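Every number in this text was worked out from the coordinates using simple rules, so none of it is lab data. In this text the structure is predicted, and so the values were computed from the model without any measurement. In this analysis, Cβ positions are derived from the backbone assuming ideal geometry, glycine residues included, and neighbour counts consider all displayed protein chains.
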Amino acid sequence: MSIRTIPARAIKTAVAGSSRLRHVLVTGRREYTSYNAAVAGLTPEQEEFRQVVSDFAQKEIAPRAASIDKTNQMPEDLFPKMGEMGLLGVTVPEKMGGLGLGYLEHTVAMEELSRASASIALSYGAHSNLMVNQLKRWGTPTQLDKYLPKLLTGEHVGSLAMSEPNAGSDVVSMKTKAEKRDGVWVLNGSKCWITNAPISSTFIVYARTNKEGPPSKGITAFLVERGFKGFEVGEKLDKFGMRGSPTAEIFFDNVEIPEENVLGEVGKGAAVLMSGLDLERLVLSGGPLGIMQAAMDLTLEYTHERYQFGKPIATMQLMQGKLADMYTKLSASRAYTYAVARACDAGNVSRQDCAGSILYSSDRAVEVSMEAQQCLGGNGYINDYDAGRLLRDSRLYTVGAGTQEIRRMLIGRGFNEVFAKAEGKAIAQ
């Protein structure tokens with residue numbers, strides 16, 4: 001069933017003789033959210049979309065979030081269910097089987113899924129943005145016909161393979177190479193930290209195809225299938241956070257790739273890569289927003305249920321100050337991220353601001369989740385409550401999709417470029 005055919009509805013959870021906190025511990029679903037739709041500034045259609053995604057996430061994902069974290073296992077039914085909802089192709093045109101919506105809606109979907117489970121949302125973002133959106137933007141009609149349908153239904157899962165053990169932030173120094181032999185490309189090397197690798201069947205792999213000239217000029221993107229001979233996936237990594245979002249290394253030993261699986265143009269993979277990273281940073285900014293919203297909702301419920309000195313601790317001034325800081329950090333992060341998304345949908349993609357949105361929101365998510373843990377006191381340190389999981393998950397966004405240091409560099413370098421251009425114009429005049 002497409003998300004367009006589902007009526008928006010409020011999430012109403014029966015408590016039936018138990019406290020709100022006990023209900024949340026059993027079901028994983030929250031009764032209250034501080035999300036302020038009027039301040040968020042979504043259109044009625046976008047707000048309806050958000051509510052439908054929220055309803056789905058709270059029903060299908062939130063009750064399993066703690067178990068997913070504990071077992072480090074991705075439930076097999078979730079990608080097909082997200083495909084049935086239409087969520088795997090938010091930015092794909094309707095004529096191709098997608099929803100035909102924008103990056104703001106994609107970011108909102110990422111936010112609401114992250115509020116239920118940040119790890120499931122991370123895998124969702126890697127699939128729907130890094131694979132599906134890039135395939136939509138750069139794929140040939142033949143590639144789209146072959147790969148897109150099953151990626152949209154969730155029958156197949158996708159991954160981006162970019163980073164290497166010695167090429168992380170300096171990604172264009174990658175050593176994985178592809179050589180043309182007898183009409184096919186032969187791929188050798190390895191990639192690391194690949195989200196979804198243990199469950200993916202389709203990969204966008206970046207490899208060096210030309211050793212001459214600057215590193216950024218000799219990279220090509222390829223569509224690689226899990227079943228290609230010589231392709232192997234390593235053991236699933238045991239991560240600090242984002243458990244349940246499977247991650248592994250992948251290896252290529254003389255993997256033969258047909259010419260028609262080149263994504264974009266030979267030697268111009270850096271353009272595919274860098275343009276995708278801007279949109280990746282934007283959409284993944286929804287992750288920290290969802291984590292903060294979950295932390296805020298948990299803290300508000302707990303502090304109004306928890307009594308000390310004969311009254312709810314939420315009525316104490318020190319606690320009110322914490323709640324105010326958490327709320328304003330979340331609200332400011334959301335306002336910035338939504339504004340950047342609207343600009344991207346209008347065709348104004350700013351590398352500085354795509355980096356800025358995830359830089360700001362990820363730092364705030366760590367602070368907000370740490371404050372949530374503090375507000376819960378001793379209970380914040382035990383795994384019966386979600387505070388610890390939220391904090392562990394928040395840390396991913398300060399190093400994943402580019403580190404905070406790289407994001408700051410991109411913003412600063414953007415200003416350098418602006419001033420260099422201005423200086424050049426002044427000299428020319």
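Beyond 16 Å, how much of the Cα-Cα pair distribution for region 284-324 remains, as a whole percent? Write down the numbers at each step before the final one.
Working: 339 of 820 pairs.
For region 284-324, the fraction of Cα-Cα distances above 16 Å is 41 percent.
If amide hydrogens are placed 1.01 Å from N in the peptide plane, which non-local residues have theirs closer than 5 Å to the one on VAL90?
LEU99
Could you tell me the center-to-center distance, by alpha carbons, between region 45-61 and region 210-252 in angstrom?
Computed from Cα coordinates, the inter-centre distance equals 32 Å.
Quick one: Karplus J couplings for region 40-50, per residue in order, coefficients 6.51, -1.76, 1.60, θ = phi - 60°, nearest Hz, x for Gly and Pro?
4, x, 6, 6, x, 5, 5, 5, 5, 4, 4
Calculate one ³J(HN,Hα) per residue across region 116-125 by plugging θ = phi - 60° into the Karplus curve 6.51 cos²θ - 1.76 cosθ + 1.60, and present them in order as whole Hz with x for glycine and proline.
Values per residue, Gly and Pro as x: 7, 7, 5, 6, 5, 5, 4, 5, 4, x Hz.
How big is D, in µm² s⁻¹, for region 253-301 by Stokes-Einstein at 4 °C and 1.567 mPa s if Rh is the Kirkwood radius over C-alpha pairs?
On the way: Rh = 14.3 Å.
Translational D for this selection: 91 µm²/s.
If the reach is capped at under 24 angstrom between alpha carbons, list the lysines near LYS229, excluding any in the same chain fewer than eight residues apart.
LYS146, LYS150, LYS175, LYS177, LYS180, LYS191
Calculate how large, on average over all directions, the projected area of the Cα convex hull of the chain is; give the answer in nm² to one decimal.
Working: hull surface 93.0 nm².
Over all viewing directions, the chain projects a mean Cα-hull area of 23.3 nm².
Mind listing the long-range amide H neighbours of GLN73? Cut-off is under 5 Å, sequence gap 5 or more, other chains count too, H placed in the peptide plane at 1.01 Å from N.
Here the answer is GLY244, since their amide H atoms fall under 5 Å of that of GLN73.
Could you work out the equivalent-ellipsoid semi-axes for region 328-429, taking the square root of 5 times each eigenvalue of the Cα gyration tensor, largest first, in whole Å? Mind dumping the intermediate values first?
Numbers: eigenvalues 275, 38, 21 Å².
Those come to 37, 14, 10 Å.
Normalise the Debye intensity by I(0) for region 244-344, one equal point scatterer per Cα, no solvent, then take log10 at q = 0.15 Å⁻¹ and round to two decimals.
Per q value, in the given order, log10 I(q)/I(0) is -0.84.
At 222 nm, what helix-only mean residue ellipticity would the chain give, in deg cm²/dmol to the nearest 500, using -39500 (n - 2.57) for each DSSP H run of four or more?
Numbers: 15 runs with 209 residues, N = 429.
About -15500 deg cm²/dmol.
Cut-off 10 angstrom, C-alpha nodes, Gaussian network model of the chain. Which of SER331, SER119, SER369 fluctuates the most?
Among SER331, SER119, SER369, the largest GNM mean-square fluctuation belongs to SER331.
From the alpha carbon gyration tensor of region 367-427, can you work out the equivalent ellipsoid semi-axes (sqrt of 5 times each eigenvalue) and give them in Å, largest to smallest?
Numbers: eigenvalues 372, 23, 5 Å².
So the three semi-axes of region 367-427 are 43, 11, 5 Å.
Can you order the peptides 292-302, 263-273, 204-214 by their average number of other Cβ atoms within 10 Å per residue, highest first? Don't skip to the answer; put the middle values down first.
Details: 292-302: 24.4, 263-273: 19.3, 204-214: 17.3.
Peptide ranking by packing, descending: 292-302, 263-273, 204-214.
Taking only the C-alpha atoms, wrap a convex hull around region 178-229 and report its volume per residue in Å³ as a whole number. It would help to have the intermediate numbers written out before the result.
Numbers: hull volume 5.0 nm³, N = 52.
Given the Cα convex hull of region 178-229, per-residue volume reads 96 Å³.
In sequence order, what are the phi-derived ³J(HN,Hα) couplings for region 168-178 according to the Karplus relation 6.51 cos²θ - 1.76 cosθ + 1.60 with θ = phi - 60°, rounded to whole Hz, with x for glycine and proline?
These are the phi-based 3J(HN,Hα) values: x, 5, 8, 5, 6, 8, 3, 9, 4, 10, 10 Hz.
Once you treat every alpha carbon in region 45-144 as an equal point and sum by Debye, what is log10 I(q)/I(0) at q = 0.24 Å⁻¹?
-1.30
What is the distance in Å between the Cα centres of region 131-166 and region 361-429?
Answer, in whole Å: 27.
So for region 43-98, Kirkwood radius off the Cα pairs, Stokes-Einstein at 20 °C and 1.002 mPa s: how many µm² s⁻¹?
Numbers: Rh = 12.7 Å.
Result for D is 168 µm²/s.
Taking the simple approach of a point 7 Å from Cα along Cα-to-Cβ for both LEU318 and ALA38, what is their distance in nm?
Placing both labels 7 Å beyond Cα along the Cβ direction yields 3.4 nm.
Taking a ≥ b ≥ c as the square roots of the eigenvalues of the Cα gyration tensor of region 206-272, is the shape rounded (a/c under 1.5), prolate (a/b larger than b/c) or oblate?
Details: a/c = 2.40, a/b = 1.63, b/c = 1.47.
Prolate, because a/c is 1.5 or more and a/b exceeds b/c.
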